[in-house]
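Asker: Next up is a structure, given as structure tokens.
Every number in this text was worked out from the coordinates using simple rules, so none of it is lab data. Here the structure is a predicted model, which means the values were calculated and not measured. Ideal geometry is used to build each Cβ from the backbone, glycine not excepted, and the neighbour counts take in all protein chains shown.
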Amino acid sequence: MTFEALHQSTLGELLSIQATRYANQPFLKMGAYQCTYAEAEYQATALAAGFRDLGLQTGDRLAVILPNIPAFVITFFAGMKAGLILVPINVRRHPTEVHARLSRTRSRALVTFSEPANYEGLDHLEIAFSLQPDLPSLKHIISVGSQHERAHAWEQLFAYTAPLPVPNLSPRSPAAIIHTLGSSGEPRGALLTHGGLVRNAADLSAHLGCTPDDVFLGAVPFSNTFGLTATILACTVANARLVCLPRFHPKEALRLVEEEGVTVHNGVPTMFAMQLNHPSFSSRKTSSLRTGIMSGAPCPPELVKRVRNEMGCRILVAYGLTEASPAISITRLDDGPVTAIETVGRPLNGVEIKVVGPNGEALDRGEEGELRVRGYNVMLEYWQDPQETARVLDQDGWLHTGDLAVVDPNGPVRIVGRVDDVINRAGFKIYPGTVEMVLRSYPGVKEAAVVGIPDLVYGELSCACVVRMNGADFATQDLLAYAGEYLADYALPDRVLYFDALPRRGTGPVRKDYLRERVRIRGHAWKFGKNIDTDAIIPARHCNTAEPGELAQHCLEDADPQFVARMSRGDLIVADTNFGCGSSREVAPLAIKAAGVSAVIAKSFARIFFRNAINIGLPILESAEGVDGIREGDEIEVEPTTGTIRNLTSGETYRAEPFPDFLKRIIDKGGLLAYVEERLQEINHDRI
């Protein structure tokens with residue numbers, strides 16, 4: 001039987017077919033536990049009967065919070081045989097995130113476990129009990145591996161031997177609701193079909209060249225589409241063996257690869273980087289590896305090359321989305337080195353792609369635009385969210401990915417960034433994903449996120465937000481020198497800021513919207529005393545224009561040379577009383593902004609300064625305590641809307657009076673003139 005012959009199977013049928021073909025073939029393995037395809041089929045069918053005995057009906061939602069263990073796989077296939085819709089939830093989700101997913105899907109049952117010792121004290125079973133009173137739809141909690149009087153024992157559900165009614169399902173029937181985070185950070189449940197998941201897995205298995213002799217490593221979380229489709233289902237399609245890894249650790253992954261003879265290793269880039277950089281790594285331990293898929297995040301070409309050369313693994317690079325089951329394109333085993341390392345390959349059979357411009361017009365190959373996808377793999381909808389569904393899935397069935405792409409003349413696809421993330425610096429486009437890949441490959445960098453900051457002169461500047469690994473203490477200039485070897489000069493970050501951790505919602509992606517606000521007003525302090533006029537600092541004597549380009553050319557010419565040499569864009573002015581902008585020079589405050597000053601903290605404000613600061617939309621905060629407590633050179637972070645001033649050097653926090661609403665609106669608009677222009681437009685519109 002060919003992989004194509006499985007395309008019209010439902011997921012419950014898939015396991016039955018494979019168990020018939022290779023009944024005694026080993027399927028699942030974890031430690032001392034192992035089972036064959038026939039044994040897995042028997043268990044899944046018995047468990048499906050147990051679900052039915054609990055009263056679960058076709059279309060009911062079955063939530064699963066389990067690590068990468070055989071019980072996840074058996075539960076998944078049992079749910080499919082019973083006609084249920086699976087709602088997998090990652091074990092690392094915060095209880096509030098779990099509640100949101102259970103509530104949105106109105107799940108009737110939840111399968112979970114209790115191992116607080118192995119999960120930083122987190123007891124998933126107790127969390128389920130605590131959430132249940134607020135979830136009227138959640139009727140049953142099922143516990144794997146432990147018994148509790150308030151839960152059904154997973155193992156005991158196998159005892160129900162009543163005949164299992166065959167659900168009336170087709171390849172277009174819904175199979176799973178898998179959540180993804182939108183730009184707002186709110187979870188959206190992609191409703192995926194039986195046929196979409198089976199065919200996607202079959203196509204991936206075919207491109208990997210899989211056979212029953214292969215051994216898959218179950219390292220990617222089974223709760224997402226990469227782990228579900230490319231690992232569990234691709235392995236099942238090939239009648240191969242799946243070695244489960246409950247929690248990823250590079251040393252344990254390397255041990256299993258060596259001891260179990262793993263041949264197919266899927267993973268996100270970070271997993272491969274951690275293994276390659278682990279002290280226990282050696283090419284000998286990975287000699288069994290044949291291939292695998294790297295995906296789930298931008299894949300640095302240097303990392304792909306290292307996996308191929310040092311691990312001896314002909315890794316394939318894939319691109320996909322949860323909404324696409326997930327794979328859209330993949331490289332091939334026989335691709336040349338450029339295509340194999342620098343692209344995400346060609347679309348799968350049955351998957352259409354096109355690149356469109358700002359107005360939705362189709363673009364030619366070689367032109368950059370948003371990638372759109374249509375095919376068997378695209379979700380039915382976001383679960384009971386017609387507004388979000390309509391936003392990303394048009395009437396012709398095209399899924400709007402939000403990713404910027406270029407299709408090479410000979411067919412391979414290159415993903416260059418996100419539509420919303422592109423930074424336009426003085427007319428040059430900077431793709432944060434590319435810069436982040438380079439920064440993350442520098443020794444000592446744990447995480448990196450690049451965001452754009454509004455700038456009067458350049459339009460936008462790029463800021464790299466970096467988290468160092470424990471014990472790492474590299475200099476910024478060394479990091480930038482390294483990045484300069486791989487990036488164009490305009491793509492080098494204008495600012496590098498260091499964080500203990502990057503802001504996220506739970507375990508989701510970095511919250512770049514929040515990060516942009518955090519870094520917009522963050523820099524080192526410049527302190528000035530009483531009765532200082534900005535003409536003494538940034539005089540702009542050669543310029544009588546408000547044009548940013550001309551202003552930038554002249555505004556620092558007569559300034560204090562030391563100030564000019566040491567000041568960085570984003571720095572703040574900390575001033576005592578009567579800090580002014582010049583009594584008659586309207587261009588002086590613009591010069592301050594053109595120089596990159598991001599805010600002013602003062603004990604009090606001269607009226608002329610206050611007026612000019614508002615004119616240019618420069619945040620100002622009045623805080624006598626802050627002025628006294630901040631030293632020259634301290635790194636300061638400001639949240640103007642809340643009146644919060646943080647001294648990141650000393651660890652102290654100061655309060656300032658928040659802006660009145662009308663001042664906040666003026667500053668947010670970029671100044672008084674911009675604000676007035678908008679208000680006039682609103683008034684004129686109301687009159688029409």
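Asker: Across region 423-518, how large is the tail of the calculated P(r) beyond 19 Å, expressed as a percent of all Cα pairs?
Answerer: Numbers: 1723 of 4560 pairs.
In whole percent, the share of Cα-Cα pairs in region 423-518 beyond 19 Å is 38.
Asker: Express in whole angstrom the spacing between the alpha-carbon centres of region 422-477 and region 107-152.
Answerer: Computed from Cα coordinates, the inter-centre distance equals 41 Å.
Asker: Given points 7 Å out from each Cα along the Cα-Cβ axis, report the S568 to F474 separation in nanometres with one decimal.
Answerer: Once both label points are built, they end up 1.6 nm from each other.
Asker: Figure the gain on full extension for S282 and T211 (residue separation times 0.36 nm, minus the Cα-Cα span) and round it to one decimal in nm.
Answerer: Numbers: separation 71, 0.36 × 71 = 25.56 nm, distance 2.64 nm.
Residue separation times 0.36 nm, minus the Cα-Cα distance, leaves 22.9 nm.
Asker: Per the Kirkwood treatment, what hydrodynamic radius in Å, one decimal, follows for the chain from the mean inverse distance over all distinct Cα pairs? Before the final figure, lay out the partial values.
Answerer: Working: mean 1/r = 0.0359 Å⁻¹.
When all Cα pairs of the chain are included, the Kirkwood radius is 27.9 Å.
Asker: Still on this structure: How large is the dipole of region 423-518 about the Cα centre if only Lys and Arg carry +1 and Asp and Glu carry -1, each at its Cβ, rounded to the nearest 20 debye? Write out the running numbers ahead of the final one.
Answerer: Numbers: 12 positive and 12 negative charges, 84 e Å.
For this selection, approximately 400 debye.
Asker: Report the extension gain between S146 and Q132 in nm, rounded to one decimal, defined as 0.36 nm multiplied by the number of residues separating them, less their alpha carbon distance. Kindly include the intermediate steps, with their values, before the conclusion.
Answerer: Details: separation 14, 0.36 × 14 = 5.04 nm, distance 1.85 nm.
Result: 3.2 nm gained on full extension.
Asker: Let me ask you something else. Ordered by packing density, taken as the mean number of other Cβ atoms within 10 Å over each peptide's residues, highest first, how do 98-106, 58-66, 425-433, 389-397 rank?
Answerer: Details: 98-106: 19.2, 58-66: 22.1, 425-433: 17.0, 389-397: 13.3.
The most tightly packed comes first, giving 58-66, 98-106, 425-433, 389-397.
Asker: Also, I was wondering about something else. With an 8 Å cut-off on Cα pairs and a minimum separation of 6 or more residues, tell me the relative contact order of the chain in percent.
Answerer: Values: 1459 pairs, mean separation 51.2, N = 688.
For the chain, the relative contact order is 7 percent.
Asker: Can you tell which of Y654, S598, L14 lies farthest toward the positive end of the dipole of the chain, using +1 and -1 charges on the Cβ of basic and acidic side chains (Lys, Arg; Asp, Glu)?
Answerer: L14
Asker: Further question on the same structure: Pull up the DSSP beta bridges for the chain and report the antiparallel fraction as a percent, rounded to 5. Each step should come with its number before you reach the end.
Answerer: Numbers: 59 of 104 bridges.
In the chain, approximately 55 percent of DSSP beta bridges are antiparallel ones.
Asker: Sticking with this one: As I understand it, the dipole of the chain uses +1 on the Cβ of Lys and Arg and -1 on the Cβ of Asp and Glu, about the Cα centre. Which of P165, G320, C210 lies farthest toward its positive end?
Answerer: Towards the positive end, the residue furthest out is P165.
Asker: For Q387 and S170, what does the FRET efficiency come to when R0 = 35 Å and r is the distance between their Cβ atoms, rounded to the nearest 0.05? Please list the in-between numbers first.
Answerer: Numbers: r = 27 Å, r/R0 = 0.79.
So, using R0 = 35 Å, E works out to roughly 0.80.
Asker: Just the ratio, please: alpha-carbon radius of gyration of region 285-394 over 2.2 N^0.38 Å, N its number of residues. Walk me through the numbers before you get to the answer.
Answerer: Details: Rg = 16.4 Å, N = 110, 2.2 N^0.38 = 13.1 Å.
Here the answer is 1.25, to two decimals.
Asker: Turning to a different aspect of this structure: Can you tell me the FRET efficiency between A32 and K139 if r is taken as the Cβ-Cβ distance and R0 is 25 Å, rounded to the nearest 0.05? Let's see the in-between values first.
Answerer: On the way: r = 34 Å, r/R0 = 1.38.
Computed FRET efficiency for A32 and K139: 0.15.
Asker: Can you bin region 244-312 into rounded, prolate or oblate? Criterion: square roots of the alpha carbon gyration tensor eigenvalues sorted a ≥ b ≥ c, rounded for a/c under 1.5, prolate for a/b above b/c, oblate for the rest.
Answerer: Values: a/c = 1.44, a/b = 1.27, b/c = 1.13.
Taking the square roots of the gyration eigenvalues as a ≥ b ≥ c, region 244-312 is rounded.
Asker: Could you work out [θ]222 nm for the chain from helices alone, using -39500 (n - 2.57) per DSSP H run of at least four and dividing by all its residues? Round to the nearest 500 deg cm²/dmol.
Answerer: Working: 22 runs with 211 residues, N = 688.
One gets -9000 deg cm²/dmol as the mean residue ellipticity at 222 nm.
Asker: Assign unit charges at the C-beta atoms only (+1 for Lys and Arg, -1 for Asp and Glu), then state the dipole size of the chain relative to its Cα centre in Debye, rounded to the nearest 20. All intermediate terms of the calculation are to be shown ahead of the outcome.
Answerer: On the way: 68 positive and 81 negative charges, 247 e Å.
Computed charge dipole of the chain: roughly 1180 debye.
Asker: If you don't mind, there's one more thing I want to ask. Report the percentage of all Cα-Cα pairs in region 128-167 whose separation exceeds 12 Å, rounded to a whole percent. List each step's numbers first, then the result.
Answerer: Working: 517 of 780 pairs.
Taking all Cα-Cα pairs of region 128-167, the fraction more than 12 Å apart is 66 percent.
Asker: For Cα pairs less than 8 Å apart in space and 6+ apart in sequence, what is the mean separation divided by the residue count of region 2-104, i.e. the relative contact order in percent? All intermediate terms of the calculation are to be shown ahead of the outcome.
Answerer: Numbers: 117 pairs, mean separation 25.4, N = 103.
Reported as a whole number, the value is 25 percent.
Asker: Gain in length, Y514 to V467, computed as 0.36 nm per residue apart minus the alpha-carbon separation, to one decimal in nm?
Answerer: Working: separation 47, 0.36 × 47 = 16.92 nm, distance 1.63 nm.
Additional length available on full extension: 15.3 nm.
Asker: Which is farthest toward the positive dipole end of the chain among M311, G366, I666, measuring Cα position about the Cα centre, with Cβ charges +1 (Lys, Arg) and -1 (Asp, Glu)?
Answerer: Going by the Cα projections, it comes out as M311.
Asker: Right, something else. Could you let me know the centre-to-centre spacing of region 301-373 and region 375-408, using Cα atoms, in angstrom?
Answerer: 18
Asker: Moving to a separate point now. What does DSSP give for region 175-243 in terms of the percent of beta bridges that are antiparallel, rounded to the nearest 5?
Answerer: On the way: 6 of 9 bridges.
Counting DSSP beta bridges with both partners in region 175-243, the antiparallel share is about 65 percent.
Asker: Neighbour counts of other C-beta atoms within 10 Å: give me F51, F499 arranged from fewest to most. Kindly include the intermediate steps, with their values, before the conclusion.
Answerer: Numbers: F51 27, F499 17.
The most exposed by this proxy come first: F499, F51.
Asker: Extending each Cα 7 Å along its Cβ direction at S650 and E632, get the distance between those two points in nm, one decimal.
Answerer: 1.6
Asker: A follow-up question, please. If packing is taken as the mean number of other Cβ atoms within 10 Å per residue, what is the order of 134-146, 467-479, 323-335, highest first?
Answerer: Values: 134-146: 17.0, 467-479: 12.1, 323-335: 23.2.
So the peptides 134-146, 467-479, 323-335, ranked by packing, come out 323-335, 134-146, 467-479.
Asker: Label points 7 Å out from Cα along the Cβ direction at N410 and R665: separation in nm?
Answerer: 5.8
Asker: Determine the dipole magnitude for region 1-157: charges of +1 sit on the beta-carbon of Lys and Arg, -1 on that of Asp and Glu, nothing else is charged, the reference point is the Cα centre, and the result goes in debye to the nearest 20.
Answerer: On the way: 13 positive and 14 negative charges, 78 e Å.
Dipole about the Cα centre, nearest 20: 380 debye.
Asker: Counting alpha carbon pairs within less than 8 Å and at least 6 residues apart, what relative contact order, in whole percent, applies to region 423-518? All intermediate terms of the calculation are to be shown ahead of the outcome.
Answerer: Values: 151 pairs, mean separation 26.5, N = 96.
The value is 28 percent.
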